[in-house]
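Everything below concerns the one structure shown next.
The values are calculated or read from the model by the stated rules, or taken from the named source; none is laboratory data. None of the values given here were measured: they were computed from a predicted structure. Using ideal geometry, Cβ is built from the backbone for each residue, glycine included, and neighbour counts are taken over all protein chains shown.
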Amino acid sequence: MKERDRDAAIALWREHNDDESLFRHALSVEACMRHIARKAGEDEDFWGCVGLLHDVDYGRHPEEHLKVAPGLLEAAGYGPDFVRAVLAHGWGLCADVEPVAYMEKVLYAVDELTGFVAACCYVRPSRSVLDLEVSSVKKKWKTAAFAAGVNREVVAKGAALLGMELDALVAEVIAALRPVAAETGLKGTL
């Protein structure tokens, strides 16, 4: 089934985007979605493809983010649950679809947080997620000027939607990113 086909998802992403930084973000979100799906006994391939394609329209349509995505996904054969999950990650920002399903809540919670964790890695001496600890992320979290583009309110709201403490969510994101450190540009010098 296409919704579980990683190669097809990557091909669709590449058809509509060419920014390698954005692709590394897509891979990071995919890794988080797969990690949490696996822990929850959910469909890892489906969740992973949702993570890969959550920003499918952002590269060419940043001002219309999530306005173009449904049409792209539907034309490529992705179903309503898939499209709804993608829309829900923009809840309150650029879409009105509230995350209700567990998968939608996870995507909403990890999207911004992966960017923040990556920023934390880039300022470490190792530039790596492999030696990053939750305490380091929390220290940077308190500095509003650090990674100022990351919407901390969305991350906190996402953690609350999941019924998780922020520290626990950060720990899950770090754990998810370590196995894909090289692919996401987060291996650094380690």
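Of the residues making up segment 103-113, one or more are in contact with a strand residue (DSSP E or B) (Cβ under 8 Å, 6 or more places away or on another chain) and not charged (D, E, K, R).
When K187 is tested against (1) surrounded by 19 or more Cβ atoms within 10 Å (Cβ to Cβ); (2) part of a loop (DSSP other than H, G, I, E, B); (3) not aromatic (F, W, Y), just one condition goes unmet, and that condition is (1).
Against the condition within 18 Å of A88 (Cα to Cα), without any contact (Cβ under 8 Å) to a residue 40 or more places away in the chain and of a type in the set (A, V, I, L, M, F, W, C), how does A37 come out, does it pass?
Criteria not met by A37.
If you go through segment 20-40 and keep only what is more than 18 Å from A85 (Cα to Cα), surrounded by 15 or more Cβ atoms within 10 Å (Cβ to Cβ) and among the basic types (K, R), you end up with just R24.
Quick grid of which residues meet (1) within 23 Å of K39 (Cα to Cα); (2) of a type outside the set (S, T, N, Q):
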{"position": "E64", "(1), (2)": "no, yes"}
{"position": "G71", "(1), (2)": "no, yes"}
{"position": "R84", "(1), (2)": "yes, yes"}
{"position": "E112", "(1), (2)": "yes, yes"}
{"position": "S126", "(1), (2)": "no, no"}
{"position": "V129", "(1), (2)": "yes, yes"}
{"position": "V137", "(1), (2)": "yes, yes"}
{"position": "F146", "(1), (2)": "no, yes"}
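Where helices (runs of 4 or more DSSP H) fall entirely within segment 69-172, those with at least 2 residues that are within 16 Å of the chain's Cα centre (by Cα) and surrounded by 18 or more Cβ atoms within 10 Å (Cβ to Cβ) are at 80-88, 102-122, 152-162.
May I ask you to list the residues in segment 56-70 that are without any contact (Cβ under 8 Å) to a residue 40 or more places away in the chain and of a type outside the set (G, A, S)?
Here is the first cut: in segment 56-70, the residues without any contact (Cβ under 8 Å) to a residue 40 or more places away in the chain are 61-70.
Scanning segment 56-70 gives H61, P62, E63, E64, H65, L66, K67, V68, P70.
Can you pull out every residue in segment 1-20 that is of a type outside the set (A, V, I, L, M) and in contact (Cβ under 8 Å) with a residue 24 or more places away in the chain? The answer is K2, E3, R4, D5, R6, W13, H16, N17, D18, D19.
If only residues of segment 1-19 that are at pLDDT below 95 and under 12 Å from G48 (Cβ atoms) are counted, the one that is surrounded by the most Cβ atoms within 10 Å (Cβ to Cβ) is E3. The sole residue among E172, E165, E153 that is touching a residue at least 12 places away in the same chain (Cβ under 8 Å), within 22 Å of M103 (Cβ to Cβ) and of a type in the set (D, E, K, R) is E172.
Per-residue answers, yes or no, for (1) at pLDDT below 95; (2) of a type in the set (F, W, Y); (3) more than 14 Å from G158 (Cα to Cα):
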residue: L87; (1), (2), (3): no, no, yes
residue: K105; (1), (2), (3): no, no, no
residue: A109; (1), (2), (3): no, no, no
residue: V117; (1), (2), (3): no, no, yes
residue: Y122; (1), (2), (3): no, yes, yes
